[in-house]
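J.: Would you mind keeping the following structure in view while I ask a few things?
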Amino acid sequence: MPAFTAAAPAKIILFGEHAVVYGEPALAVPVTTLQARAVVSAQIGGARGEILIDAPDIGLSSLASDLARDHPLRAAVAVAAGTNDLNEIPACRVLITSTIPISSGLGSSAAVSAAVIRAFSAFLGKRLADDEVSDLTFQVEKIQHGAPSGIDNNVVVHQKPVYYQKGKPLEFLSIKEPFEILIADSGIPGSTLTAVESVREKWLANQQDCEILFTRIGEISRSAREIITHGDPRDLGPLMNENQDCLRELGVSIPELDRLAKSALEAGALGAKLSGGGLGGNLIALSDDQSHRIEGALLDAGAQSVLPTTIHS
Ligand code: PMV
């Protein structure tokens, strides 16, 4: 019996997280060394509606019908099938594996949903265009994260560097000169939902100050796009530091991330900032030719792991 397999990569946000929720642009790139994968196979002789979901990485093995309707894995199956009535779906097993750390700002939820949606729709005989997979992934993201901007689903589905602004056509970034980013895991889980809600509370309490920060982050993203497509990537460093200052003022950095940023800069990084929702998760540092020294400094400062990644078109 054929199995239908699909994968989607992790992602990092280079610039613009949080402000992107309020309509400013942001830049994100795929991280293809980390992947989520889904394999869907028919269960011969099984009754319709018997959809076994196996996700050994999180210790889950359950029929989809036994999961809550808003469980992201059940939701991904339902949006791919185009129905909430699982009894319409032929018996199958969905095996999900992932090397993307959870709650770390690396887009794990979007990548898992995208892989499941792609593999599941292939199992049902549907060939979806990337835009359709991205839209369906966004539906699951909304169930999980409340009011996501839409950047994660776009970058993990298209698997290309993107410049994203809500309500505008997606732009793919052409990267003039590849550059190296070190992705350092603080080891502290950060909930995107909590981080987005905390920024929202801050914004409701003080719209003027927050909007100044959002506008500044938007300007940083526009300058970064210019540098990435036409300039010298070393000039991204000061923009990363400034973006991190804005995120700190928005309240989504934490002392552990600030400590990692300081150590990376002292070891020669050209810039450093948190990436994703914050309140934990990953820090990204722009490396110069001292990448081993920066990596060592990040590990000494408490990073659980450091992943060097080359950013290219
Ligand atoms: O934590 P992540 O990887 O899901 O990234 C969240 C990015 C935010 O801008 C904070 C939220 C969003 O929906 O864009």
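The values are calculated or read from the model by the stated rules, or taken from the named source; none is laboratory data. Since the model is a prediction, treat every value here as computed from it, not as a measurement. FYI the Cβ positions are ideal-geometry reconstructions off the backbone, even for glycines, and counts take in every protein chain you see. Each accessible area value is taken on the protein alone, full model and side chains, heavy atoms only, with ligands, DNA and RNA left out. Shrake-Rupley method; radii C 1.70, N 1.55, O 1.52, S 1.80 Å.
J.: Taking 4 °C and 1.567 mPa s as the conditions, I'd like the Stokes-Einstein D for the stretch 240-308 in µm²/s, using the Kirkwood hydrodynamic radius from alpha carbon pairs. Can you show the working numbers first?
T.: Values: Rh = 11.6 Å.
Roughly 111 µm²/s, to the nearest whole number.
J.: Measure of size requested: the Rg and Dmax of the stretch 182-313, with Cα atoms as the atom set and Å as the unit; please supply both.
T.: Spelled out, the Cα radius of gyration and Dmax of the stretch 182-313 are 14.8, 44 Å.
J.: While we're on this one: Report in % the part of the accessible area of the chain that belongs to carbon and sulfur, leaving out ligands and nucleic acids; probe 1.4 Å. Provide the component values of the computation, followed by the final result.
T.: Numbers: 6620 of 13200 Å².
C and S atoms contribute 50 percent here.
J.: Whole-Å semi-axes of the stretch 85-224's equivalent ellipsoid, largest first, each the root of 5 times a Cα gyration tensor eigenvalue? Mind dumping the intermediate values first?
T.: Numbers: eigenvalues 180, 76, 55 Å².
The answer is 30, 19, 17 Å, longest axis first.
J.: Then there's this: Kirkwood hydrodynamic radius (Cα pairs, Å) of the stretch 1-154? Numbers along the way, then the final one.
T.: Details: mean 1/r = 0.0641 Å⁻¹.
One over the average 1/r among Cα pairs gives 15.6 Å for the stretch 1-154.
J.: Of all beta bridges DSSP finds with both residues in the chain, what is the antiparallel percent, to the nearest 5? Mind showing how you got there, number by number?
T.: Numbers: 45 of 49 bridges.
Antiparallel: roughly 90 percent of the beta bridges in the chain.
J.: Jot down the radius of gyration and Dmax of the stretch 216-263, Cα atoms only, both in angstrom.
T.: Rg, Dmax (Cα atoms, Å): 11.9, 35.
J.: Mind giving me the FRET efficiency for A68 and K142? R0 is 22 Å, r the Cβ-Cβ distance, nearest 0.05 is fine. Kindly include the intermediate steps, with their values, before the conclusion.
T.: Working: r = 16 Å, r/R0 = 0.71.
After rounding to 0.05, the efficiency reads 0.90.
J.: Using 7 Å Cα-to-Cβ label points, what is the L124/A47 separation (nm, one decimal)?
T.: Placing both labels 7 Å along Cα→Cβ, they lie 2.1 nm apart.
J.: Can you pull the Rg over Rh of the chain, Cα-only, Kirkwood?
T.: Dividing the radius of gyration by the Kirkwood radius yields 1.00.
J.: Using the Kyte-Doolittle scale, which helices in the chain average at least 0.5 and also have C-alpha atoms spread 15 Å or more along the helix axis, with helices defined as whole DSSP H runs?
T.: Numbers: long enough: 108-123 (22 Å, 1.35); 130-145 (21 Å, -0.85); 192-205 (20 Å, 0.08); 207-230 (34 Å, -0.32); 236-249 (20 Å, -0.84); 255-266 (16 Å, -0.53).
What comes out of the filter, once short or polar helices are dropped, is 108-123.
J.: Which of the peptides 304-312, 233-241, 259-267, 13-21 is most tightly packed, and how do the rest follow, judged by the mean count of other Cβ atoms within 10 Å per residue?
T.: Details: 304-312: 16.4, 233-241: 19.0, 259-267: 21.0, 13-21: 27.8.
So the peptides 304-312, 233-241, 259-267, 13-21, ranked by packing, come out 13-21, 259-267, 233-241, 304-312.
J.: Right, another one. For the chain, with every protein chain kept in place, what is the accessible area per residue (1.4 Å probe, Å²)? It would help to have the intermediate numbers written out before the result.
T.: Working: 13200 Å² over 313 residues.
Per-residue value: 42 Å².
J.: Listed highest first by mean packing, meaning other Cβ atoms within 10 Å per residue, what order do 130-142, 150-162, 112-124, 245-257 come in? Mind showing how you got there, number by number?
T.: Details: 130-142: 20.3, 150-162: 24.7, 112-124: 26.4, 245-257: 18.6.
Most protected by this proxy first, the peptides run 112-124, 150-162, 130-142, 245-257.
J.: Using a cut-off of 25 Å between alpha-carbon atoms, which lysines can reach K168, once sequence neighbours fewer than 8 places away in the same chain are excluded?
T.: Cross-link targets: K11, K142, K160, K176.
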